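Structure, as structure tokens:
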Amino acid sequence: MGKGRFTEAEALPLVLTPMDIAAVLGISRNTAYELIHSEKFPAFRVGKQYRISRERFVAWLNGEAA
């Protein structure tokens, strides 16, 4: 996905990676992982990797329940 910023939720991939989250929020990779490990962040695991659905991420950004 690169280091670009997204201005529209529809421009995000359907399933985001921790690096995508870091790019969208303008935070470091380590901070993104800290966020992912927090209790209320809508991440899930696929094998050993973390993924975040776009829909749930946008809801989380808007302060809606995950």
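Coordinate-derived values only; no laboratory data. Please read all numbers here as calculations on a predicted model, not as lab measurements. Cβ atoms come from the backbone with ideal geometry, glycine included; neighbour counts cover every protein chain shown.
Give me a count of the residues in region 32-41 that are surrounded by fewer than 17 Cβ atoms within 10 Å (Cβ to Cβ) and in contact (Cβ under 8 Å) with a residue 24 or more places away in the chain.
Here the count works out to 1.
What are the pairs, 6+ residues apart or on separate chains, where a residue within region 10-27 that is more than 15 Å from Phe41 (Cβ to Cβ) has its Cβ under 6 Å from a residue that is exposed (fewer than 14 other Cβ atoms within 10 Å of the Cβ) and of a type in the set (Lys, Arg)?
Ala23/Lys3
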